[in-house]
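The values are calculated or read from the model by the stated rules, or taken from the named source; none is laboratory data. Since we're looking at a predicted model, the values are computed, not measured. A quick note on method: Cβ atoms are made from the backbone with ideal geometry, for glycine too, and the neighbour counts reach across all protein chains shown. The area values use the complete protein model at the heavy-atom level, side chains included, leaving out ligands, DNA and RNA. Shrake-Rupley method; radii C 1.70, N 1.55, O 1.52, S 1.80 Å.
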Amino acid sequence: MFLSVLSAADPTEEPTSPTLQDAQDSATNAASWVEQNWSTWLSIGLRVLLILVIAAVLRVAIRRTITKFIDRMNRTAQAVDGTALGGLLVNVERRRQRSQAIGSVLRSVASFTIMSTAALMILGTFQINLAPLLASAGVAGVAIGFGARNLVTDFLSGVFMILEDQYGVGDTVDAGVASGEVIEVGLRVTKLRGDNGEIWYVRNGEVKRIGNLSQGWATAFVDVTVRSDEDLDRVRSVLAEVGEAMSKDEPWNERLWGPIEVLGLDSVLLESMVVRVSAKTMPGKALSVERELRWRIKQAFDRVGIRIVGGLPVPADDEPAPDPTAGMAAPSAYSNSASPQSQTASPIAPVAPAGPSNVTK
């Protein structure tokens, strides 16, 4: 036995070439292995194919449903735009942009959910244990959630801002931390252009309140301060004429969404009184309407002789002109050195001492 082992382990012995019988045995073993496992392979392939087909069909159906829903929103907006209610709502283009953004987000979320579920089902079909993978993904998700909680907050806030239509591109908003015109709305950051041209990058998660100055309508207020002895009926008639004339001129007839109203006295003091004028305007046009209204009121008051408190006082015609020397003090008697008062008040000159006398002895 020992000699046979040594002879078999002898390296000098030439290897024997495989024979035909060995090849037939190998082919038989391979064929039997394939025959034993082909049904398993076929079932796995059919399962994977079925999962992919179902996922693709479901993805297409959901995306088409979302697209039809967005198109229906756009048609509803177009139908409302021509009515009186449409003036207080957002215009068609604004609604179209918002609906497209919402549709894009919904389609992306649906596609990610369907395809990730299909991938996990395919891995399960190959008898891969998903428990460690899901546990690792859960731990990683928790770690990423704690590390990027601000990012998640910004993203969720951006999604809700778009869904609720809090503001859009072109709106003038006051976000608390910054204010200006919205030039871009993202899921994480909103870009605002300030009054001086600067661009503010505001994180959506940091916004606690939003004041939209471009939705619905705006109100222009003008306070006119006149003297307390002016005729109020005359002031009211002049202001009414100014408002009626401005409502008929272009482009103010489009920017004004209601008549210019004289609300009445806002305050009454001893020397002045304030009359408030109000007008409902297009969103974002209140400041320009206020400036134009002040301009016209000042010109109208100058024509009829109504004076606004704060200007230079104009003397009345029946009052004599004030004496310019009335505020001057009378000349003092002490200014003349020859007057008795000055001589009396002048100090007495000291007497010079007498010199020594010459005594002769």
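Remarks
- Accessible surface, 1.4 Å probe, highest first, among residues TRP257, TRP41: TRP41, TRP257
- The listed residues LEU263, LEU270, LEU256 rank as LEU270, LEU263, LEU256 when sorted by accessible area, largest first, using a 1.4 Å probe.
- Cβ-Cβ FRET estimate between VAL60 and TYR201, R0 fixed at 56 Å, reported to 0.05: 0.90
- Coil-residue GluC sites (Glu not before Pro) of region 184-228, DSSP, other Cβ within 10 Å capped at 10: GLU198
- For ASP229, solvent-accessible area (1.4 Å; no DNA, RNA or ligand), Å²: 110 Å²
- Accessible surface of region 179-242 [probe 1.4 Å, protein heavy atoms]: carbon and sulfur percent: 45 percent
- Nitroxide proxy distance, nm - points 7 Å out along Cα→Cβ at VAL109 and VAL304: 6.0 nm
- Convex hull volume per residue for region 198-249, taking Cα atoms only, in Å³: 197 Å³
- Accessible-area composition of region 246-289, carbon plus sulfur, in percent [1.4 Å probe]: 51 percent
- Förster-model FRET efficiency, 35 Å R0, LEU50 and ASP165, C-beta, rounded to 0.05: 0.25
- Solvent exposure of region 132-186 amounts to 57 Å² per residue of accessible area, where only protein heavy atoms count and the probe is 1.4 Å.
- Counting heavy atoms of the protein chains alone, ARG294 has an accessible area of about 110 Å² for a 1.4 Å probe.
- Computed with a 1.4 Å probe over protein heavy atoms only, the accessible area of LEU123 comes to about 60 Å².
- Remark: the ILE183-SER136 segment gains 12.8 nm on full extension, using 0.36 nm per residue and subtracting the alpha carbon distance.
- Heavy-atom accessible area, probed at 1.4 angstrom with all protein chains present, ranks ASP233, ASP174 as ASP233, ASP174, highest first.
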